[in-house]
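Trainee: One structure is given below, represented as structure tokens, and several questions about it will come after.
Throughout, read-outs are computed from the coordinates displayed, never taken from laboratory work. Please read these numbers as outputs of a predicted model, since none were measured by experiment. For neighbour counting, all protein chains shown are included, and Cβ atoms are generated from backbone atoms with ideal geometry for every residue, glycine included.
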Amino acid sequence: MWPLSSSVRRMQEDFRNLATDVLASGSGALSDFLFQRESAANFPSPKKFCDAFAKFVAVEFARGELSFADGALLMNRLLGFGAHSISGVALEIFQAFDVGEYQRPAEAAGLVPWQAYTLPSIMALLRREGLWPCA
């Protein structure tokens, strides 16, 4: 593992606090919390923020720090915030969570969709992006 710079650690902590506030609110929009954060000023565009926050959610989920339900909620809120800015990696992460949200009629009894679809997709994406294994 490699040491993280202080600016990366600050961004991760800011994202962690943002995620905690959004999850605790139950109904608050991501934008309600975002502009109170230092991290909002660090991104030149909404797309770059969406990509960075989605990667944060994916890594925290893969590490077991976020449940599937919390990760899916955060990605749904991110889509609501960045509907015109979510593409590329952020959209792939959103879709990986989305596919795990429902049981398909043809699936075997006992199959857990997020275990069968979301986790493998997230792990492959993180490896491809050079984010797994992570520090």
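Trainee: Under a plain spin-label model, where a point goes 7 Å from the Cα along Cα-to-Cβ, how far apart in nm are E129 and K48?
Mentor: Rounded to a tenth, the inter-label distance reads 1.6 nm.
Trainee: Give me the number: length gained by fully extending R10 to A116, i.e. 0.36 nm times residue separation minus the C-alpha to C-alpha distance, one decimal in nm.
Mentor: Numbers: separation 106, 0.36 × 106 = 38.16 nm, distance 3.33 nm.
Using 0.36 nm per residue and subtracting the Cα-Cα distance, I get 34.8 nm.
Trainee: Per residue of segment 90-101, in order, report the coupling 6.51 cos²θ - 1.76 cosθ + 1.60 (Karplus, θ = phi - 60°) as ³J(HN,Hα) in whole Hz, putting x for Gly and Pro.
Mentor: Karplus values, whole Hz, x for Gly and Pro: 4, 5, 4, 5, 4, 5, 5, 6, 4, 5, x, 7.
Trainee: Could you give me the radius of gyration and the Dmax of segment 41-124, taking only the C-alpha atoms into account and expressing both in angstrom?
Mentor: 13.3, 47
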